[in-house]
1. For the range 429-451, enumerate the residues that are under 30 Å from the mean Cα position of the chain (by Cα), part of a strand (DSSP E or B) and farther than 18 Å from residue 558 by Cα.
2. I want to confirm something. Restricting to the range 173-200 and keeping residues that are of a type in the set (S, T, N, Q) and modelled with pLDDT of 70 or more, which single residue is surrounded by the fewest Cβ atoms within 10 Å (Cβ to Cβ)?
3. Could you grab me the full set of residues in the range 262-291 that are over 25 Å from residue 312 (Cβ atoms) and surrounded by 17 or more Cβ atoms within 10 Å (Cβ to Cβ)?
4. Can you run down the residue pairs with Cβ atoms below 8 Å, 6 or more apart or on separate chains, where the first is in the range 155-171 and closer than 15 Å to residue 325 by Cβ and the partner is of a type in the set (Gly, Ala, Ser) and at pLDDT below 85?
5. With respect to residue 82, is the statement that it is at pLDDT 85 or above, assigned by TED's automatic domain parsing to the domain that holds residue 340, more than 25 Å from the chain's Cα centre (by Cα) and of a type in the set (Gly, Ala, Ser) true?
6. Is there a residue in the range 313-335 that is closer than 17 Å to residue 590 by Cβ and crowded, with 19+ Cβ neighbours inside 10 Å?
7. Does residue 437 satisfy being of a type in the set (Ser, Thr, Tyr), assigned by TED's automatic domain parsing to the domain that holds residue 581 and modelled with pLDDT under 90?
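The values are calculated or read from the model by the stated rules, or taken from the named source; none is laboratory data. Remember, it's a predicted structure, so these values are computed and weren't measured experimentally. So basically every Cβ, Gly included, is an ideal-geometry build from the backbone, and we count neighbours across all protein chains shown.
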Amino acid sequence: MRKRPPNPPAKPDPATLPSLRKRFSALQNLPRFFKLVWETNRLLTLSNVFFRLLKSGLPLLVLYIGKEIIDEVIRLMNHQTSSQQYLWMLVGSELGLTIVSDLLNRCINLFDSLLGDLVANKTSVDLVHQAARLDLYQFENPIFYDKLERARRQTSGRTVLLSQTLAQMQDILTLLSLGAGLVLFNPWLILILIIAVIPSFIGETHFNERSYSLTRSWTPERRELDYLRYLGSSAETAKEVKVFGLENYLADRFKSLSDEYFDANKKIAISRAGWGYLLSAIGTLAYYGAYVFVLFQTLSGVITIGTMTFLSGSFQRMHGMLQGIMSRFSGIAEAALYLQDLFDFFEIQPTISANETGKVVNKPITKGITFENVGFKYPENDFWALRNLSFSIKPGEKLALVGENGAGKTTLVKLLASLYKPTEGRILIDGTDIQDYQLADLRANIGIIFQDYIRYEMSVSDNIAVGDIANIADKTAIANAADMSMAHEVISTLPNQFDQVLGKRFKDGTELSGGQWQKIALARAYMRNAQIVVLDEPTSALDARAEHEVFKRFSSLIEGKMAVLISHRFSTVRMADRILFLEKGRMLEYGSHEELLIHDGKYAELFHLQAEGYL
């Protein structure tokens, strides 16, 4: 967990605040966003826009009809006309427009909700695909995690931005129509109106900038808060939290960090409330100044009472709309800034390309695998995780990787699976650099079970099928894989057998022991009909006898395939045809079990040391 500085800044550095120019620039994200909306569902998008266009013209019509009703009532009262037909026609029209307006509102809200959910679903799916494209080392970088976290937060809540932007367009059209009516009577009212809303707009813009900067600068801390919340309330961590009495430590750490964020946000919220009130008061005074002006014109007989109601109603609506538009603009600009986080994540490119036009792996592999002077170090790190590795694995040969923790065994396996790209040297399969193969085909020919395999809280069948997800419906293949990994012994005791949900996250789920989980995970390797099989300490939770039995069975079942085994138990390692001993990322010894014992080096020393433990 990242350790925070003792006294973090309570508010963002003004230098980090997005400028007004930057906020306008962020609006460039909206066309891309609406392209995403359009691609999500064209019919809903068109229907939404069409209904909003209809709705935008209704306020002017309603106000004008209201003006005519009042003037007509006065004419009837003054006996200037004797027929009430026109009056009731106006009342009926206003009623009809009100009913239509309500219907349009409900349709618009429905379309906004449906589109928002669909867009959120699509961006979530796109995020999964993009994350899968990226390099593994990127997920091991905290800066990348901050980007991923900000992108994740943008997959939800898109309904708000969609509604805000479309409502903005609708209100602008309404504002233009009301403004045209207002200009016909008195153009000065428009100028007063603009003066009334500018102060409030400037205030909202300023405080939205500060809120955005605070939220962005606290991304690592918010990730830490999420992690602390997970540690304190997760089934996976509950045992250690109870045994070690960590609840107070986690709760205090969470409270300390969350209070700091609350204090920083509270200062902005208080300033926003105070200044917002003062700036809004200026707008209110301007509005009532215009209202008094309209009343004087009515009393002097310049305009009728109906016109007065039309002007005051128009001005009131326009004042509210302008405030809404200005405030909403600031919110849209802020959301567009956040939207940039999502698009920035989608712009990240992997260094390992899919290479869809590359070669496919020979079936069968004829020459084997060759490492030529392979070295790897993580980006922005001068330390070499692996260096100067040169060796070969022949078809049908089993290679065991041995070494202390941190020697580079798992890194070597990740290079072979093209999860990492060598910093120097080459890895060849049948004499061809693995980077020249189609990435999907290359990985389809490699089956790996890592030490830190995932315990999917899904059915047993799904847990095994992830080894070859294309054949998830092949129940025979799944059953065969379970039999080969000895997982059938576990599955036969479960209430629903292959349909049994594992884990305790969902209803009727069953938790397994570590050894039982490992047998399920091993079945994934057999499920994948790969030419190269890698087991990276996947049997660490089994006792020595069970592990020996698993690897003995494994050796007979992968006849003719290449295999890479990682294990700390030398009784298992000796089954391999070749053993590669790594130390600090470099090859220390290489040969068969017998050859390395004769060599009497580090391998022989550790083998005899471990053997003594069984005497």
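1. Of everything in the range 429-451, just one residue is under 30 Å from the mean Cα position of the chain (by Cα), part of a strand (DSSP E or B) and farther than 18 Å from residue 558 by Cα, namely 437.
2. Ranking the qualifying residues of the range 173-200, first place goes to 177.
3. Listed by number, the residues that qualify are 264, 265, 268, 272, 275.
4. Between residues of the range 155-171 that are closer than 15 Å to residue 325 by Cβ and residues that are of a type in the set (Gly, Ala, Ser) and at pLDDT below 85, the close pairs are 163/116; 164/331; 164/335; 171/324.
5. Against the criterion (at pLDDT 85 or above, assigned by TED's automatic domain parsing to the domain that holds residue 340, more than 25 Å from the chain's Cα centre (by Cα) and of a type in the set (Gly, Ala, Ser)), residue 82 does not qualify.
6. no
7. No, not satisfied.
To keep it simple, each residue is scored yes or no on (1) modelled with pLDDT of 70 or more; (2) buried (at least 17 other Cβ atoms within 10 Å of the Cβ).
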residue: 163; (1), (2): yes, yes
residue: 167; (1), (2): yes, yes
residue: 171; (1), (2): yes, yes
residue: 210; (1), (2): no, yes
residue: 215; (1), (2): no, yes
residue: 218; (1), (2): no, yes
residue: 239; (1), (2): no, no
residue: 244; (1), (2): no, no
